[in-house]
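S.K.: My questions all concern the structure below.
The values are calculated or read from the model by the stated rules, or taken from the named source; none is laboratory data. Note that this is a predicted model, so its numbers are computed, not measured. Here Cβ is always computed from backbone atoms with ideal geometry, including for glycine, and neighbour counts include all displayed protein chains. The protein model used for the area step is the full one, side chains on, heavy atoms only, and it has no ligands, DNA or RNA in it. Shrake-Rupley method; radii C 1.70, N 1.55, O 1.52, S 1.80 Å.
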Amino acid sequence: GVTRLLLTRIPFFKEIIVSSFSCTSCSWSNTEIQSAGRIQEQGVRYTLAVTSRQDMNREVVKTDCASARIPELDFEIPAFSQKGVLTTIEGIIDRAMAGLEQDQPTRRVTDKEVATKIDEFIGKLRQLKEVNSPFTFILDDPSGNSFVENPHAPQRDEALVVTHYRRSPQQAAVLGLEVDAKLPDTAEDLRDEVLQFNTNCPECNAPASTNMKLVQIPHFKEVIIMATNCDSCGHRTNEVKSGGAIEPQGTRITLRITDPSDMTRDILKSETCSVEIPELEFELGMGALGGKFTTLEGLLKDIRDLVEKNPFTLGDSSTPSRTGKLREFIGKLQDVEGKAQAHFIMDDPAGNSYLQNVYAPEEDPELSVQRYERTFEQNEELGLNDMKTEGYEPEAASGR
């Protein structure tokens, strides 16, 4: 047969390789996708409560290193057991059924008991497709390159929970990643020096350099700004990391936008910060867009680009009704950038986000900062529940 390869670029998922095989003798054909872009900085886990037939039509990008689970059936598709696919939830179930049915004729001859049990399980999968009772679909991808569609975008989907997490050393090893944990001797060396290290461009994979600088934000704290420039394709990106520890309390910052001059306020949005605009019924979850040090106008522009460049919202995969709603949302977002009044809310459980007070050191009448105690779930997501910072040394010594 003949295998054809195509390198193509999807704006939301960077670059992918589409491979297609066809046989002229038996007419068998097969298609696969593989990620040609970089592995994301965090893994991602999608948890969807499937309650209707419409949920079965949600589009899914499943890479080869992602695992899919249905806890109600104690069913799991392990990582690296299937090639990457662009399909739907129903398509994933059909693919699993086809794999189980493949060797059934042989099993019925060699081991009838096992074949009967597999037939019963296939029947349960068929019942799932009818959605007679709700079930949970979990897609876990340590590379962060998988995706489950939100048909209500840009509004929040109550049935879909997206969780970004740090990869474990075992997951990083499976993905072929090596982390250099070597740190500088003192923080003083970073304050007056721009560090530079070599990397590859995330767009064209050409050799590029990343600059890193420790910056003190007035009336806040130190942050680390990393910027990458590619001389080959012109791609530029920047990212911000907190230079300090996680704060004892979470922070909720609310700004009442009343004037176009508010668009020039500086913003530090950490990776753990979520953004909400109640007037637009819009919520941006933590982990989306990464860490950014920009202005309010720049962050709203990044949100607009996130919606416009997603092929599942305004691309070929979108429906006319959804496209109309998203166009209306983009129009309202542009009104907020211009003259419309709205509330801009930043909620950061780690307390590492910042919104400029233009009246500092006096209080800002349009800006309110609330500090709150984190819940157990928020501490679990930040990895604080299992973290022990006191009294661990004697215990470790006695254990030896």
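S.K.: Within the range 250-382, what whole-number % of the accessible surface is contributed by carbon and sulfur, with the 1.4 Å probe and all protein chains included in the calculation?
M.R.: In the range 250-382, the share of accessible area belonging to carbon and sulfur is 47 percent.
S.K.: Per the helix-only calculation at 222 nm, which mean residue ellipticity applies to the chain, given -39500 (n - 2.57) for every DSSP H run of n ≥ 4 and division by its residues, nearest 500 deg cm²/dmol?
M.R.: For the chain, the value works out to -7500 deg cm²/dmol.
S.K.: Over the heavy atoms of SER67, what accessible area does a 1.4 Å probe trace out, to the nearest 10 Å²?
M.R.: Result for SER67: roughly 20 Å² accessible.
S.K.: Quickly rank 340-351, 377-388 as a protection proxy: mean count of other C-beta atoms within 10 Å, highest first.
M.R.: Highest mean packing first, the order is 340-351, 377-388.
S.K.: Write down the accessible area per residue of the chain in Å², having rolled a 1.4 Å probe over the full set of protein chains.
M.R.: I get 58 Å² per residue for this part.
S.K.: Moving to a separate point now. Quick check: from the Cα gyration tensor, does the chain come out rounded (a/c under 1.5), prolate or oblate?
M.R.: prolate
S.K.: Moving on to the next point. What pairs in LYS124/LYS309; LYS292/LYS388; LYS129/LYS325; LYS83/LYS301 have C-alpha atoms more than 31 Å from each other?
M.R.: LYS124/LYS309; LYS83/LYS301
S.K.: Let me ask you something else. Find the centroid of the Cα atoms in the range 54-93 and in the range 324-348, then give the distance between the two in whole Å.
M.R.: 34 Å
S.K.: For the range 30-140, rounded, prolate or oblate, judged on the Cα gyration tensor with a ≥ b ≥ c (square roots of eigenvalues), a/c < 1.5 rounded, else prolate if a/b > b/c? Numbers along the way, then the final one.
M.R.: Values: a/c = 2.14, a/b = 1.40, b/c = 1.54.
Note, shape of the range 30-140 comes out oblate.
S.K.: Let me ask something else. Please determine, in degrees from 0 to 90 and to the nearest 10, the orientation of helix 296-308 with respect to the longest principal axis defined by the Cα atoms of the chain, where the helix direction is its Cα long axis.
M.R.: Compared with the principal axis, the helix lies near 10 degrees.
S.K.: Mind running the shape call on the range 194-242? Use the C-alpha gyration tensor, a ≥ b ≥ c as the square roots of the eigenvalues: rounded below 1.5 for a/c, prolate if a/b tops b/c, oblate otherwise.
M.R.: It is prolate, given that a/c is not under 1.5 and a/b is the larger ratio.
S.K.: Quick check: the angle from helix 89-101's long axis to the longest principal axis of the chain, C-alpha only, nearest 10 degrees?
M.R.: That works out to roughly 40 degrees.
S.K.: How much of the accessible area of the range 39-175, probe 1.4 Å, is carbon plus sulfur, in whole percent?
M.R.: Ligands and nucleic acids excluded, carbon and sulfur reach 49 percent.
S.K.: Which Cys residues of the chain have no other Cys beta carbon under 4.7 Å away?
M.R.: CYS23, CYS26, CYS65, CYS273
S.K.: Against the longest alpha carbon principal axis of the chain, how many degrees, from 0 to 90 and to the nearest 10, is the axis of helix 320-338 turned?
M.R.: 10 degrees
S.K.: Something else about it: Using the Karplus curve 6.51 cos²θ - 1.76 cosθ + 1.60 with θ = phi - 60°, work out ³J(HN,Hα) for each residue of the range 131-136 in order, rounded to whole Hz, and write x for Gly and Pro.
M.R.: Result, rounded to whole Hz: 6, 5, 9, x, 8, 10.
S.K.: Over the range 194-242, what relative contact order in percent results from Cα pairs under 8 Å that are six or more residues apart?
M.R.: Relative contact order, the range 194-242: 30 percent.
S.K.: Let me ask something else. Quote to one decimal, in nm, the extra length available between GLN216 and TYR372 on full extension: 0.36 nm per residue of separation minus the C-alpha distance between them.
M.R.: In short, 53.7 nm is gained.
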